[in-house]
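Trainee: Once you've had a glance at the structure underneath, I'll fire off some questions.
We did not get these values from a lab; they are worked out from the coordinates using the rules stated. The shown structure was predicted, so the numbers you read here are calculated from the model rather than taken from an experiment. Cβ atoms come from the backbone with ideal geometry, glycine included; neighbour counts cover every protein chain shown.
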Amino acid sequence: MPRTYYTPQEAEDDFYDALEEGDLKRLLSVWTDSDDICCLLPMYPMVQGRKGIEDVFLHLFSQGQGVELSIAHLS
């Protein structure tokens, strides 16, 4: 179930932390539970709908243990 974020920064921080950790459940909790969503990733066509987004991140995470990123949270 998606959680409530009180600021866009809070949602962004949680998304990138989940992406870096390869935590699909946490990553999906950032997205609303709706098919009216889309995601645009580098080197991928636009993905539409919650199931499509879940599938693309499942594929990315199956390649290893998360995605290597350099993350710096804003204060």
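Trainee: Suppose the chain between E54 and E12 were pulled fully straight at 0.36 nm per residue; how much longer would it get relative to their current alpha carbon spacing? Numbers along the way, then the final one.
Mentor: Values: separation 42, 0.36 × 42 = 15.12 nm, distance 1.72 nm.
Here the segment from E54 to E12 would lengthen by 13.4 nm.
Trainee: How much FRET efficiency would the formula 1/(1 + (r/R0)^6) give for R3 and S62, where r is the Cβ-Cβ distance and R0 is 35 Å, rounded to 0.05?
Mentor: The computed FRET efficiency comes out at 0.90.
Trainee: While we're on this one: Explain nothing, just compute: Karplus ³J(HN,Hα) = 6.51 cos²θ - 1.76 cosθ + 1.60, θ = phi - 60°, for every residue of the range 40-53 in order, whole Hz, x for Gly and Pro.
Mentor: 10, 10, x, 6, 10, x, 4, 9, 10, x, 4, 5, x, 5
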